[in-house]
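Q: Let me give you the structure first, and then I'll get to my questions.
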Amino acid sequence: MNLPEELKYTKEHEWVRVEGNIATIGITDFAQGELGELVYIEVETVGEVVAKDEVFGTAEAVKTTSDLFMPLTGKVIEFNSEISETDGDNPGIINEDPYGKGWIVKVEIQDETELAELLDNNAYLELIA
């Protein structure tokens, strides 16, 4: 299973890449595998501050729909145009490249202390084992 060491993870199967005060967020390789073929990603929170653990969007697969939970309190500043229905309309890129082109949102971090609550790749691996 692909679990990049430089990322942080949540118990709800999101990953976080921090660069300065910007966090890029997506769902893990494990999560996309469990969901199956993704057909639609909905994010209507661009421009809003979303609190840690609140729903920021949904991921719809062929057989199920799952909420997406915010790993850190932050202002959603960008939704990946590659997966947006109005732009690229290619949510399957998450299945193909969950940690690269398949990112979902970028947020401006509001509370950096919340980073300490995220899991490293070893703790996440134990969670899903």
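Q: Give the stretch 70-80 a look and list any residue that's farther than 13 Å from E44 by Cα and not hydrophobic (A, V, I, L, M, F, W, C), or say none.
A: Within the stretch 70-80, P71, T73, G74 qualify.
Q: Quick one: T58 ticks every box in (1) under 14 Å from the mean Cα position of the chain (by Cα); (2) farther than 18 Å from E44 by Cα bar one, so which box is it?
A: (2)
Q: Within the stretch 66-101, can you find the residues that are among the hydrophobic types (A, V, I, L, M, F, W, C) and either surrounded by fewer than 19 Cβ atoms within 10 Å (Cβ to Cβ) or in a strand (DSSP E or B) (or both)?
A: Residues satisfying the conditions are L68, F69, V76, I77, F79, I93.
Q: In the stretch 12-27, is there at least one residue being of a type in the set (A, V, I, L, M, F, W, C), outside any loop (DSSP other than H, G, I, E, B) and farther than 19 Å from E112 by Cβ?
A: Yes: one or more hits.
Q: Being among the charged types (D, E, K, R) and surrounded by 12 or more Cβ atoms within 10 Å (Cβ to Cβ) is the filter here, so list the residues in the stretch 49-65 that pass it.
A: Passing the criteria: K52, D53, E54, E60.
Q: For the stretch 14-30, enumerate the residues that are touching a helix residue (DSSP H, G or I) at 6+ places or on another chain (Cβ under 9 Å) and either without any contact (Cβ under 8 Å) to a residue 24 or more places away in the chain or closer than 16 Å to S84 by Cα (or both).
A: Matches in the stretch 14-30: G26, I27.
Q: Suppose we keep only residues that are touching a strand residue (DSSP E or B) at 6+ places or on another chain (Cβ under 9 Å), touching a residue at least 60 places away in the same chain (Cβ under 8 Å) and of a type outside the set (S, T, Y) within the stretch 1-12. Which one would you say is farthest from S81 (Cα to Cα)?
A: My answer is K11.
Q: State which residue pairs qualify: first residue free of Cβ contacts under 8 Å to residues at least 40 places away in the same chain and inside the stretch 86-104, second residue part of a loop (DSSP other than H, G, I, E, B) and of a type in the set (K, R) in any location, beta carbons under 6 Å apart, and separation of 6 or more residues or different chains.
A: I93/K101
Q: Here is a follow-up. Just for the stretch 1-33: of the residues that are among the aromatic types (F, W, Y) and surrounded by 23 or more Cβ atoms within 10 Å (Cβ to Cβ), which one is farthest from I77 (Cα to Cα)?
A: Y9
Every number in this text was worked out from the coordinates using simple rules, so none of it is lab data. Predicted, not measured: the structure shown is a model, and the values here were computed from it. Every residue, glycine among them, receives a Cβ derived from its backbone with ideal geometry; neighbour counts consider all protein chains shown.
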